Amino acid sequence: MKNEALRKLMFDVDINQSELARNTGVPQPTINRFLNGHSKSPNFISVKKLAEYFGVSAQSLYDDNLAAE
């Protein structure tokens, strides 16, 4: 997942890491690793939960990740 894409989605809905974690069930440390680029192969279940929350496809988040590499 491309960290800029997640940052933009979070900014657009004005949500922080802790709120996103509570709303999606994705642990805050996992979200932090995504945002800081420390997760090169994000878990599909976590990506799917984030994508569903933001109303985007999980595949689009993976495609962004591939484009960033």
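Restricting to the range 11-24, name every residue that is assigned to a helix (DSSP H, G or I) and either of a type in the set (S, T, N, Q) or in contact with a His (Cβ under 6 Å, 6 or more places away or on another chain) (or both).
Gln17, Ser18, Asn23, Thr24 - these are the residues of the range 11-24 that are assigned to a helix (DSSP H, G or I) and either of a type in the set (S, T, N, Q) or in contact with a His (Cβ under 6 Å, 6 or more places away or on another chain) (or both).
Find all pairs meeting these conditions: Cβ atoms under 7 angstrom apart; at least six residues apart or on different chains; first residue within the range 44-69 and crowded, with 16+ Cβ neighbours inside 10 Å; second residue in a helix (DSSP H, G or I) and modelled with pLDDT under 70.
Note: pairs meeting the criteria are Val47/Tyr62.
So, in the range 12-34, how many residues would count as being in contact (Cβ under 8 Å) with a residue 24 or more places away in the chain and polar (S, T, N, Q)?
2
How many residues, within the range 25-47, are modelled with pLDDT of 90 or more and either more than 15 Å from Asn3 (Cα to Cα) or not in a helix (DSSP H, G or I) (or both)?
Final tally of qualifying residues: 4.
If you go through the range 7-26 one residue at a time, how many are surrounded by 12 or more Cβ atoms within 10 Å (Cβ to Cβ), farther than 16 Å from Ala51 by Cβ and touching a helix residue (DSSP H, G or I) at 6+ places or on another chain (Cβ under 7 Å)?
Total satisfying the criteria: 1.
The values are calculated or read from the model by the stated rules, or taken from the named source; none is laboratory data. Just so it is clear, the model here is predicted, and its values are computed rather than measured. Positions of Cβ are generated from backbone atoms using ideal geometry, with glycine treated the same way; all protein chains shown enter the neighbour counts.
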